[in-house]
Amino acid sequence: MLLTIHHIFTDATSAGILLKELLKCYHGEVTGVPVSLPPLSVSYADYVHWETEMLSGTQGERLATYWHQQLAGEIPILHLPTDHPRPPVQTYNGASHRFQWTASLSQSLKTLAQEHETTVFAVLLSAFQILLHRYTGQPEIWIGLPVTIGRQTQFAKVVGYLVNTVVLRANFEQPTLTFNQLLSQSWQTLLDALEHQDYPLPILVKVLSPQRDASYTPLFQVMFNFESTELINRSSLSPSDNLTVTVFELDQQEGLFDLSLVIIERETLGGSFRYNRDLFEPATIARLAGHLETLLQGLVANPDQSIYQLPLLTAPELQQLQAWNDTAVDYPQDLTIVDLFEQQVARTPNHIALVFEDQHLTYQQLNDQANQLAHYLLARQTQAGIHLHNPLIAIAVERSVEMVIGLLGILKAGGAYMPIDPSYPRERLRYLLED
């Protein structure tokens, strides 16, 4: 049996209610005992009426004031590095990458949360914010968080879409920010958001009126969620029915956002990255998941260190990085850089040595122009009666072909060079050279 329900009028809590009552009805059919489900005192229509009344009163004004203040200022767009150009109109082609962390890491995260009198949810939220900041370098990170609303009231047993999304804002302008400091900020932000969670996101978007772009979702482009697969209490299953209820996870088929991190707590922590496959390749998301795990291992080991010192690269990536940087060469100790350059000129005179925009010079052309400059500098020294070893000569040019010619020419003339910004005041430069 497959039960398919559109998300527009159901949520995860509703799915648990439906499943529990369905099993009661099944048990009644098997045993022949009539089933009487408890009558509902309220309906989903009552919930809609309650929300409308709440928003039009003082409570609605209080919620609106909070969110206007919390999200004041410029609304950022999260620019994650993508594998493919962003389509001009947002697409919703989704995919998933699942992961499972070790029991050791899961327990370390829980211990860290207990030590800081917070939750694993807040710890992982802070880590995700750091990961996004490290990937983008942006000082403001906005993340969407789905929350259930009205479930602690008379609407606890109502089947319907009782879900809202709140926006969590993290600031990374402090250069010495540690994980512990960010966790404290994120925990307070999370508590405040949950206290004001009843203000509907569609109304908030309308009121804030962000500059709309058809290729992005408004306010935030990344979602974070903490889910439970325990849709039903196992004790409610009747042994006489000979039924086994198993959660069957389907791959994500829709990408509502650029990226979503979903954490699921079982015996150990795990979850999935859900992403828009028109933006990201599977290998990129797998690498992202590896960076998150490495980050978590680093922060549980030392939560007091700067967020910029927390590790990201996995062990294989570090080995590859070391291999790429293993470029040591034993150069002859009795030869200068000019000698080595001229040897290369002799070997490959017609190969391209220098490229700048649309300009190209071969080794022979570069060498000829550098020699011409060297002869000019030597002649000027002779005319001025200057006989110095390694005279200091300043190059005051923009980054260009001439800058490299100047460097080689000065070295060939036996001088030392000192790059100077062209905008450097000439009077100050004169005193600097005299010193």
_Which condition from (1) buried (at least 19 other Cβ atoms within 10 Å of the Cβ); (2) at pLDDT 95 or above is the one that ASN164 breaks?_
(2)
_Cβ-Cβ under 6 Å pairs, at least 6 apart or on other chains, region 1-23 side within 21 Å of PRO38 (Cβ to Cβ) and open to solvent by 70 Å² or more (accessible area, probe 1.4 Å), far side modelled with pLDDT under 85 and not polar (S, T, N, Q)_ = LYS20/ILE232
*Somewhere in region 214-224, is a residue open to solvent by less than 10 Å² (accessible area, probe 1.4 Å), among the polar types (S, T, N, Q) and either under 30 Å from PRO311 (Cα atoms) or more than 19 Å from the chain's Cα centre (by Cα) (or both)?*
yes
*Restricted to region 121-177, and to residues that are touching a Leu at 6+ places or on another chain (Cβ under 9 Å) and among the aromatic types (Phe, Trp, Tyr), which residue is farthest from GLY271 (Cα to Cα)?*
PHE155
*Run ALA283 past the list (1) assigned to a strand (DSSP E or B); (2) more than 25 Å from SER108 (Cα to Cα) and report the number of the one that doesn't hold.*
(1)
*How many residues, within region 249-270, are open to solvent by less than 10 Å² (accessible area, probe 1.4 Å) and at pLDDT 90 or above?*
7
_Suppose the filter is modelled with pLDDT under 95 and in a helix (DSSP H, G or I); does LEU292 pass it?_
no
*Of all residues in region 287-319 being in contact (Cβ under 8 Å) with a residue 40 or more places away in the chain and of a type in the set (Val, Ile, Thr), the one that is most open to solvent (accessible area, probe 1.4 Å)*: VAL300
*Take the residues in region 336-351 that are free of Cβ contacts under 8 Å to residues at least 40 places away in the same chain and in contact with a helix residue (DSSP H, G or I) (Cβ under 8 Å, 6 or more places away or on another chain), then tell me which one is least open to solvent (accessible area, probe 1.4 Å).*
VAL345
_I need the full set of residues from region 136-153 which are among the small types (Gly, Ala, Ser), within 22 Å of the chain's Cα centre (by Cα) and open to solvent by less than 30 Å² (accessible area, probe 1.4 Å), in order please._
GLY144
*Criterion (modelled with pLDDT of 90 or more and part of a loop (DSSP other than H, G, I, E, B)) met by exactly one of HIS68, HIS79, HIS49*: HIS79
*What is the residue count in region 31-69 for residues that are under 38 Å from the mean Cα position of the chain (by Cα), acidic (Asp, Glu) and open to solvent by 70 Å² or more (accessible area, probe 1.4 Å)?*
1
*Lone qualifier among GLY94, GLY28 - being open to solvent by less than 60 Å² (accessible area, probe 1.4 Å), modelled with pLDDT of 85 or more, in contact with an Asp or Glu (Cβ under 6 Å, 6 or more places away or on another chain) and at negative phi*: GLY94
*Out of GLN359, GLN365, GLN309, sole residue that is over 30 Å from LEU124 (Cα atoms) and at pLDDT below 95*: GLN359
*Please tell me if ARG151 is in a loop (DSSP other than H, G, I, E, B) and in contact (Cβ under 8 Å) with a residue 60 or more places away in the chain.*
yes
_Anything in region 97-108 that is open to solvent by less than 60 Å² (accessible area, probe 1.4 Å) and assigned to a loop (DSSP other than H, G, I, E, B)? List them, or say none._
TRP101
*So, of the residues in region 232-244 that are part of a loop (DSSP other than H, G, I, E, B) and at pLDDT below 70, which turns out to be nearest to LEU2 (Cα to Cα)?*
ILE232
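The values are calculated or read from the model by the stated rules, or taken from the named source; none is laboratory data. Note that the structure is a prediction, hence the values are computed from the model and not measured. Neighbour counts run over all protein chains shown; Cβ positions are idealised from the backbone, glycine included. Protein only, heavy atoms only, side chains kept; ligands, DNA and RNA dropped before computing areas. Shrake-Rupley method; radii C 1.70, N 1.55, O 1.52, S 1.80 Å.
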